[in-house]
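Heads up, the thing below is written out as structure tokens.
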Amino acid sequence: MDKTLRRGSFEMTAAMLISGTIGWFVLVSGQPVLDVVFWRCVFGAGTLLLICAAFGFLRPGILTRTTFLLAVLSGMAIVGNWVLLFASYSRASIAIGTAVYNVQPFMLVGLAALFLGEKITLQKLFWLGVSFLGMLAIVSAHGEQGAGGNDYLMGIGLALGAAFLYAIAALIIKRLTGTPPHLIALIQVCTGVLLLAPFAHFSALPQAPSAWASLVTLGIVHTGLMYVLLYGAIQKLPTALTGALSFIYPIAAIFVDWFAFGHRLEPLQWLGVAAILLAAAGMQQGWGLKLRRVVAQ
């Protein structure tokens with residue numbers, strides 16, 4: 001492995017491990033979801049502003065009116081995605097919410113087929129079916145959650161909604177090729193600040209230092225630093241390796257949920273999680289193509 005590939009792999013791994021701890025900081029903050037996302041955007045915007053200034057991305061002429069509006073639109077989707085995903089954590093658990101959230105590649109495939117005319121192959125349909133079976137396994141386990149069964153199903157629904165909004169954001173960002181990703185991220189979090197400011201509880205600010213520490217960490221580390229690591233890795237790594245390393249995120253989230261909160265998955269839930277992650281990996285890595293080639297020979 002050459003030096004660039006090694007550095008990119010390290011950056012991607014670090015970014016995914018950081019992402020895997022997001023749920024822990026969200027729940028430890030003890031704040032309403034809208035407040036958590038608002039303060040994440042505030043501290044994230046400050047961090048990304050410094051990063052963009054250091055990289056020279058704030059000079060005039062980088063953005064056109066169209067690219068700016070598209071970045072704002074993607075920001076609305078990303079912020080909505082955060083709100084729904086964070087809300088799912090307290091209902092279905094961090095592990096289940098994160099696992100269900102990983103169906104978003106399939107939603108992106110569907111949206112791309114609908115709006116961009118991209119073809120859906122038999123291979124993608126197969127992996128979509130595997131993912132759907134995994135979803136059924138997770139949903140069918142809600143009876144084992146006790147009195148919180150309805151909350152559990154709502155948590156799954158919120159995670160699915162978050163995945164759908166992320167897929168929309170990704171579809172929009174596809175049209176922003178050539179625009180510095182750090183600048184897109186800055187516009188997204190600034191959009192979040194403006195959208196959520198009317199709903200933030202300024203009259204009931206967190207009193208515990210641990211709450212502020214969690215919110216500041218979500219903004220600086222999980223937004224600013226994580227974006228720098230993620231985009232740096234994407235620039236250095238081939239797509240297949242980027243996709244493979246991205247599965248560190250849900251695995252890390254599952255173990256964080258286990259060790260920090262004692263949420264142990266039932267066997268049927270483990271089966272569902274494994275099916276979703278296998279399907280997402282299979283689609284991203286193109287598994288199944290080689291088998292068809294061998295048969296054709």
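Only the coordinates and a few stated rules stand behind these numbers; no lab work does. This structure is a prediction, so every number in the text was calculated from the model and none was measured. Cβ placement follows ideal geometry from the backbone for every residue including glycine, while neighbour counts extend to all protein chains displayed.
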Quiz item: Counting each DSSP H run of 4 or more residues in the chain as -39500 (n - 2.57), what helix-only mean residue ellipticity at 222 nm follows after dividing by all residues, to the nearest 500 deg cm²/dmol?
Solution: -25000 deg cm²/dmol
Practice problem: Over the chain, calculate the relative contact order: mean separation of alpha carbon pairs under 8 Å at least 6 apart, over the residue count, as a percent. | Solution: 43 percent
Self-check item: Anchor residue 3: aspartates and glutamates whose Cα lies under 17 Å away (excluding residues fewer than 8 positions away in-chain)
Solution: 11
Quiz item: In percent, what relative contact order does region 165-297 have, based on Cα pairs under 8 Å that are 6 or more apart in sequence?
Solution: 24 percent
Practice problem: Report, in order of residue number, the helices in the chain meeting two criteria: a C-alpha extent of 18 Å or more along the helix axis, and a mean Kyte-Doolittle hydropathy of at least 0.0; treat each whole DSSP H run as one helix. | Solution: 3-20, 33-55, 65-92, 122-140, 149-173, 181-196, 248-261, 267-285
Quiz item: Computed on alpha carbon atoms, what radius of gyration and Dmax characterise region 3-292, expressed in Å?
Solution: 18.9, 62
Quiz item: When 66, 177, 242 are ordered from fewest to most other Cβ atoms inside 10 Å of their Cβ, what list results?
Solution: 177, 66, 242
Quiz item: Given Cα pairs under 8 Å that are at least 6 residues apart, what percent is the relative contact order of region 1-98?
Solution: 36 percent
Self-check item: Against the rule of thumb 2.2 N^0.38 Å, how large the Cα Rg of region 30-158 comes out
Solution: 1.36
Quiz prompt | region 43-113: C-alpha pair distances exceeding 16 Å, % | solution = 69 percent
Quiz item: Using the Kirkwood formula over every pair of different C-alpha atoms, what hydrodynamic radius in Å results for region 221-293?
Solution: 14.4 Å
Exercise. Mind sorting 214, 246 by how few other Cβ atoms lie within 10 Å of their own Cβ, fewest first?
Key: 246, 214
Quiz prompt | Quarter of Cα convex hull surface for region 98-200, i.e. mean projection, nm² | solution = 9.0 nm²
